[in-house]
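Worksheet: the structure to be examined is printed underneath.
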Amino acid sequence: MRKAKWVAAAAGVVMLVAGCGGEGGSDKGQGGSSSVGSTAGSSGGGSEAGGDLDGAAVTKEIAAAATAAGFTEKTSDDPVPAELKSCMVSWQADADKAADPKKSFDATTAALGKGGWKEGQKVDQSGSTVMSLTKSDWTVKASRHGMSGFQMVLFVATDNGAECEALFKADLEKNKKS
């Protein structure tokens, strides 16, 4: 039950992220989000930003950037249901084991940027940072929350293509009924 609620919440975040970048629906931070709009319709990053990304490739890129920055993956049950695995990736860092979670988070997002991911909106508020990065049809929602000894770092990536959008909508409808 908890797993289904988490996935529904994550899918809601995904839909929010998808709405904030691809179709001109965002009027906040035009300077920062303009790069998201420009990458949504074109490759923008050469052959690395081509449409060949899949969930496994995105997972590999996030894991490589995060581990190089000093994170290890937090072991837990995979919260992504089987029917969404091709459209969604979740990678949670074990922030308690990182020497400096904030520096590791910044280094991870910088490494993703060097790998062709384009930075979109970024919000820093009350000890938390939430930002989006795009590449091809994928969006990574990177978040770091740290206050009073509590640290959480999470990277949730979603494929914003039409096929995955339909799967996310179906999953949301299914979870509304349960």
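The values are calculated or read from the model by the stated rules, or taken from the named source; none is laboratory data. Only a predicted model underlies this, so the values are computations on that prediction, with no experimental measurement involved. Every residue, glycine among them, receives a Cβ derived from its backbone with ideal geometry; neighbour counts consider all protein chains shown.
Just one residue in the set L112, L154, L133, L167 is surrounded by 17 or more Cβ atoms within 10 Å (Cβ to Cβ), assigned to a helix (DSSP H, G or I) and within 14 Å of the chain's Cα centre (by Cα); that residue is L112.
Residues that are at pLDDT 95 or above, assigned to a helix (DSSP H, G or I), of a type in the set (S, T, N, Q) and touching a strand residue (DSSP E or B) at 6+ places or on another chain (Cβ under 8 Å) do occur in segment 99-108, at least one of them.
The set of residues in segment 77-98 being outside any loop (DSSP other than H, G, I, E, B) and either among the basic types (K, R) or over 21 Å from D54 (Cβ atoms) (or both) consists of A93, A95, D96, K97. Contact map, segment 61-90: residues that are free of Cβ contacts under 8 Å to residues at least 24 places away in the same chain paired with residues that are part of a loop (DSSP other than H, G, I, E, B), Cβ distance under 6 Å, separation 6+ or inter-chain. Pairs shown: K74/D94. The number of residues in segment 56-104 that are closer than 28 Å to D171 by Cβ and hydroxyl-bearing (S, T, Y) comes to 5.
I'd like to know if segment 145-163 contains one or more residues that are of a type in the set (A, V, I, L, M), closer than 16 Å to D54 by Cβ and out of contact with any strand residue (DSSP E or B) (no Cβ under 9 Å at 6 or more places or on another chain). Yes: segment 145-163 contains one or more residues that are of a type in the set (A, V, I, L, M), closer than 16 Å to D54 by Cβ and out of contact with any strand residue (DSSP E or B) (no Cβ under 9 Å at 6 or more places or on another chain).
Within segment 115-130, which residues are assigned to a loop (DSSP other than H, G, I, E, B) and buried (at least 19 other Cβ atoms within 10 Å of the Cβ)? Working first, answer last.
Taking segment 115-130 and keeping what is assigned to a loop (DSSP other than H, G, I, E, B), we get 115-117, 126-127.
G116, W117 - these are the residues of segment 115-130 that are assigned to a loop (DSSP other than H, G, I, E, B) and buried (at least 19 other Cβ atoms within 10 Å of the Cβ).
Which condition breaks for A82 when tested against (1) more than 16 Å from M152 (Cα to Cα); (2) modelled with pLDDT of 95 or more? Only one criterion is unmet by A82, namely (2). Being closer than 19 Å to V58 by Cα and out of contact with any Pro (no Cβ under 9 Å at 6 or more places or on another chain) holds for only one residue in A166, A157, A98, A170, and it is A157.
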